Amino acid sequence: MSEGSLSLLVVSDLDGTLLDHDDYSFEPVLPILDRMDENGIPLVVNTSKTRAEWLAMRGEFGNEAPFVVENGSAIYDGEKVKVFGKPRSEVLELLKPLKALFKFKGYSDATLTEIMEWTGLGRQSAERSADRHFSEPLLWQDSPEKEEEFCDLIEQRGLMTLRGGRFLHVLGKTDKGKPLGYFREEEVAIIALGDRQNDLAMLEEADIGVVIAAGDGFMLEAEGMLRSSETGPRGWAEMMTKILDQLNVPKLQQNHG
């Protein structure tokens with residue numbers, strides 16, 4: 001990557017990476033985002049969250065770049081939408097007959113109050129979390145053996161499952177790495193940052209993959225990746241500062257406090 005001809009793009013996970021896992025703060029990253037903005041380096045958010053969830057917070061980042069939602073299911077780029085997953089209606093249709101065989105409760109079966117209880121989110125945030133277009137989170141209520149059987153059946157039917165913290169997500173066969181090819185149409189070097197297993201495909205697809213240390217002590221196993229010593233947004237700021245300095249990206253020209 002030669003200086004001068006290099007065009008950079010930063011792709012980042014949200015929870016536990018750009019946002020603090022516990023309080024969702026992101027103050028440590030703001031000076032870096034200012035530096036990126038001044039040098040024309042876009043930030044593309046690649047999240048498991050919904051479109052509604054990111055749109056509600058993107059203004060705080062001053063971000064208008066394309067973004068990826070629901071674990072690689074779709075890119076929203078202005079008025080354009082590029083889908084990599086499956087429509088949620090197809091996911092729900094496939095789940096219907098399985099309700100007689102397994103014990104689980106999905107977002108589509110739950111009241112907003114139940115979703116608030118499950119997630120700890122406030123009403124508005126829970127509504128945004130429920131505004132899904134490509135995936136269905138399930139609260140699994142059956143045995144681990146049954147879960148394995150269920151996941152195999154989902155796979156056979158052309159979809160996939162993804163185990164999050166509390167939920168088992170059912171979605172189309174995609175991951176956070178697939179949408180990165182969309183940005184390869186332009187000549188860019190991609191820097192990707194993430195902290196969990198569902199970020200691995202994105203990190204592997206990037207030119208520079210960065211593992212952010214998780215607050216709970218978890219460290220994603222990923223060969224050949226850079227690793228932060230700090231956690232969450234502090235780790236994000238730590239690593240992006242190092243990378244931008246190494247690539248001779250100019251520092252801020254003015255004092256942003």
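Observations on the structure shown:
- Look at Ser228, Ser73, Ser89 and count the other Cβ atoms within 10 Å of each Cβ; fewest to most, that gives Ser89, Ser228, Ser73.
- For region 125-187, the list of trypsin sites (Lys or Arg not before Pro) that fall in a loop by DSSP and count at most 15 other C-beta atoms within 10 angstrom reads Arg157, Arg166, Lys173, Arg184.
- Taking every DSSP bridge with both residues inside the chain, close to 50 percent are antiparallel.
- Helix 144-156 vs. the chain, principal-axis angle (Cα, 0 to 90°, nearest 10): 80
- The trypsin sites (Lys or Arg not before Pro) of region 84-118 that meet both conditions, a loop assignment by DSSP and at most 14 other Cβ atoms within 10 Å of the site Cβ, are Lys103.
- Once both labels are positioned 7 Å from their Cα atoms along Cα-to-Cβ, the gap between Arg163 and Asp207 label points is 3.6 nm.
- Extension gain, Glu60-Glu127: 0.36 nm per intervening residue step, less the Cα-Cα distance, totals 22.2 nm.
- Set against the labelled values (1) 88, 53, 44; (2) 62, 38, 34; (3) 45, 45, 36, Cα extents along the principal axes in Å computed from this structure falls on (2).
- Between the beta carbons of Lys173 and Gln253, assuming R0 = 45 Å, the FRET efficiency works out to 0.50 to the nearest 0.05.
- Sites excluded, chymotrypsin sites (Phe, Trp or Tyr not before Pro) in DSSP loops with at most 16 other C-beta within 10 Å, longest stretch of the chain: 25-217
- In a fully extended conformation the segment linking Lys82 and Lys146 would gain 19.6 nm over its present Cα-Cα distance, using 0.36 nm per residue.
- Those lysines that a straight Cα-Cα span of less than 23 Å connects to Lys178, excepting residues fewer than 8 apart in one chain: Lys49, Lys80, Lys82, Lys86
- Where GluC sites (Glu not before Pro) in DSSP loops with at most 13 other Cβ within 10 Å are excluded, longest remaining stretch of the chain: 80-184
Quick note: the coordinates plus some simple rules give every number you see, no bench work behind them. Every value quoted in this text rests on a predicted model; they were computed, and no experiment measured them. Using ideal geometry, Cβ is built from the backbone for each residue, glycine included, and neighbour counts are taken over all protein chains shown.
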